[in-house]
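The values are calculated or read from the model by the stated rules, or taken from the named source; none is laboratory data. As the structure is a computational prediction, the values presented were derived from the model and not from experiment. Positions of Cβ are backbone-derived with ideal geometry, glycine not excepted, and every protein chain shown enters the neighbour counts. Surface accessibility is based on the protein's heavy atoms, side chains included, excluding ligands, DNA and RNA. Shrake-Rupley method; radii C 1.70, N 1.55, O 1.52, S 1.80 Å.
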Amino acid sequence: MKSKKWIYIGIAVVLGWFVISTYNGLIVQKQEVKAKWSQIEVQLQRRTDLILSLVKTVKGYAKHESETLERVMLARAKATQITVDPTKLDEATMAKLSQAQGELSQALGRLMVVSENYPELKANQNFMMLQTEIAGCENRIAVERKRYNDAAKVYNTSLLSFPKNLVASFLGFTEVAYYQAEAGSNKAPDFEF
C-alpha cells in the first residue's frame, strides 16, 4: 500500500515539474517573441522619423510635387496609426500592418523617383544622408523581421509539439503570426541616383 502511495506521489511530482517547466519555457519563448517584435517597431519608427525629415528636405526643392509629398505623408500617417499589441500578434493585425508599411514603401519609392527631376536636391548633403539612412533602415527592418519570425517559429513549434501542446492549450497559450511582407515588397526601395 505504501509503495503505491509513493508511486502516485512520484508521478504527481514529475507531472507537476513537467507542467511548471513547460509553462516557464513557453513564457521565456513568448517574451523573446515580444522582444523581437519591439525591435521591428523601433526600426519602423526610425524609418517613419527619417521619412518626415526626407519630405521636409524634398519640399524645399520640389515645390511642384505637392501631390507626391502628400501621398507620402498620408501613407506615413496611416502606418503610424496602426498600433500592435505584442500580446496579440495574430494574422489580421499582421496583415493590416504589412499593408500599411507596403503602402508607405511604395509612396517613398515614388518620392525617390520624383526627386530625380531635381539635380540640386540630389546634390544636397542632407538629402544624400537621409537617403542612405533610409536604405540602411530598410535593411535593418528586414533583419528584425527575420529575427522575429525565427523567434515566432521556435515559440509556435513548442506550442504544437506533443506533449507541450496539451499544457499550452490548457494554460491558454496561442500561436503568434509570422510577419509576412506585402507581395512585391521583398526588396528594399531602390534609392540609387
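Odds and ends about this structure:
- Options Ala107, Ala92, Ala100, Ala152: the member that is modelled with pLDDT of 85 or more, among the aliphatic types (A, V, I, L, M), under 15 Å from Leu26 (Cα atoms) and out of contact with any His (no Cβ under 6 Å at 6 or more places or on another chain): Ala152
- Residues that are of a type outside the set (Asp, Glu), open to solvent by 40 Å² or more (accessible area, probe 1.4 Å) and within 22 Å of Asp90 (Cα to Cα) within region 30-58 comprise Lys30, Gln31, Lys34, Ala35, Lys36, Ser38, Gln39, Val42, Gln45, listed in sequence order.
- Residues (open to solvent by 60 Å² or more (accessible area, probe 1.4 Å), over 23 Å from Val176 (Cβ atoms) and either touching a Phe, Trp or Tyr at 6+ places or on another chain (Cβ under 7 Å) or not in a helix (DSSP H, G or I) (or both)) located in region 72-121: Glu116, Asn117, Glu120
- Selection from region 8-25 of residues that are of a type outside the set (Val, Ile, Thr) and over 17 Å from Thr174 (Cα atoms): Tyr8, Gly10, Ala12, Leu15, Gly16, Trp17, Phe18, Ser21
- Some residue of region 87-107 being in contact with a Pro (Cβ under 7 Å, 6 or more places away or on another chain), farther than 19 Å from Asn149 by Cα and not basic (Lys, Arg): yes
- The listed residue being of a type outside the set (Lys, Arg), open to solvent by 30 Å² or more (accessible area, probe 1.4 Å) and part of a helix (DSSP H, G or I), out of Leu15, Leu69: Leu15
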